[in-house]
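S.K.: Mind looking over this structure? Questions follow.
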Amino acid sequence: KNEERVLSRLSSCGVPVPQVHSSFEMGGNYYLVMEYLDGETLHEKLLFRARRLAVTQVLDCGIQLAQFIVQIHSVGWTWRDCKPKNIIVTRDGRLVPIDFEGAAPIRRPDHLRWGTPGFTTPASRVRNVGNGVADDLYALGSILFLLLTGRVYDSTTALTIKKLRRNVPSNLCQLVESLLATNADGKLTAEIARATLTSICLGSKRERRRLAAGKAA
């Protein structure tokens, strides 16, 4: 029921979420009849692709995901369950977030423990102090880490992107580290993350064009 309310409110604010066609109760359970999405989850895509993606693909996914988080935060909500299994990748490469029963308003945080280990801040996993904005940003960083390295980030180890994969742009590594920082000062936002990812993407395209021009000459 909470998911139905959340999706209705997000949709009315212009946030691109799956449409709910109807709902019904059966056997003591509540069901939603929702828009059909033709694609596979990001989790399934990673398994099929041996987990890691090219840096250009990582940037594309990161920009789309950051854009969605910008939109949901801008209308006063947090997702709180951002993870590869809750992201549909359509046939044309579009990312569609799903599964919002744990979503909560930013100004009225739900202190019930939610989310999935590896995609929520360590603080939210050890005590019932909800911070949906922090969890969403952490999840963005964790997904970028996974797409780049093929591993779920573990805050108890010292493994970094640079130790697990070569030739990843330093500014991308720095952004992921900032998103995953447990002592974040709150200055990093989804909007800043989106702008940074877009800048890295544009810089990468310029560098590829420069190299291509050099080879042609």
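S.K.: So if the hydrodynamic radius of the chain is defined as the Kirkwood radius over C-alpha pairs, what does Stokes-Einstein give as its diffusion coefficient at 25 °C and 0.890 mPa s, in µm² per second?
M.R.: 134
S.K.: So how much slack lies between residue 47 and residue 99, counting 0.36 nm per residue of separation and subtracting their Cα-Cα distance, in nm?
M.R.: Length gained between residue 47 and residue 99: 16.7 nm.
S.K.: So which lysines pass the test for residue 83, namely a Cα distance under 20 Å, with those fewer than 8 places away in the same chain ruled out?
M.R.: 45
S.K.: Let me ask another. Starting from segment 1-89, pick out the GluC sites (Glu not before Pro) whose DSSP state is loop and whose Cβ has at most 13 other Cβ atoms within 10 Å. Intermediate results must be reported in sequence, preceding the final value.
M.R.: On the way: sites: 3, 4, 25, 35, 40, 44; in loops: 35.
Loop-located and lightly packed - 35.
S.K.: Here's another thing I want to ask about it. Determine which aspartates and glutamates satisfy two conditions relative to residue 163: a Cα distance under 16 Å, and not lying fewer than 8 residues away in the same chain.
M.R.: Candidates past the 8-residue exclusion: 154, 177.
S.K.: Are there any helices in the chain, counted as whole DSSP H runs, that stretch 20 Å or more along their axis by Cα and score at least 0.5 on average by Kyte-Doolittle, and if so which?
M.R.: Answer set is 55-74, 132-149.
S.K.: Here's a follow-up. Check each of the chymotrypsin sites (Phe, Trp or Tyr not before Pro) in segment 1-62 and keep only those in coil by DSSP with at most 10 other C-beta atoms within 10 angstrom; list them in order.
M.R.: 36
S.K.: Pop a pseudo-label 7 angstrom from the Cα along the beta-carbon direction at both residue 187 and residue 152 and give the gap in nm to one decimal.
M.R.: Calculated label separation equals 3.2 nm.
S.K.: Another question, if that's okay. Just grab the label-to-label distance for residue 33 and residue 199, each label 7 Å out from Cα along the Cβ direction, in nm (one decimal).
M.R.: It works out to 4.9 nm between the two label points.
S.K.: While we're on this one: Once each part is reduced to its C-alpha centroid, what is the distance from segment 46-98 to segment 165-180 in angstrom?
M.R.: 17
S.K.: Go ahead and estimate [θ] at 222 nm for the chain from helices alone: -39,500 (n - 2.57) per DSSP H run with n ≥ 4, summed, over the residue count, rounded to 500. Spell out each step's value before the answer.
M.R.: Values: 8 runs with 103 residues, N = 217.
Helix-only estimate at 222 nm: -15000 deg cm²/dmol.
S.K.: Size of the dipole of the chain about the Cα centre, Lys and Arg at +1 and Asp and Glu at -1 on the beta carbon, nothing else charged, in debye to 20?
M.R.: It comes to approximately 1100 debye.
S.K.: Can you give me the relative contact order of the chain as a percent, contacts being Cα pairs under 8 Å and 6 or more apart?
M.R.: 20 percent.
S.K.: A follow-up question, please. Taking the alpha-carbon distance from residue 205 and a cut-off under 23 Å, which lysines remain once sequence neighbours fewer than 8 residues away in the same chain are dropped?
M.R.: Output for residue 205: 162, 215.
S.K.: So with the 1.4 Å probe, I'd like the accessible area per residue for the chain, rounded to whole Å².
M.R.: So the chain comes to 55 Å² accessible per residue, rounded to a whole number.
The values are calculated or read from the model by the stated rules, or taken from the named source; none is laboratory data. Keep in mind that this is a model prediction, so the values were computed, not measured. A quick note on method: Cβ atoms are made from the backbone with ideal geometry, for glycine too, and the neighbour counts reach across all protein chains shown. Note: areas computed on protein heavy atoms with side chains; ligands, DNA, RNA excluded. Shrake-Rupley method; radii C 1.70, N 1.55, O 1.52, S 1.80 Å.
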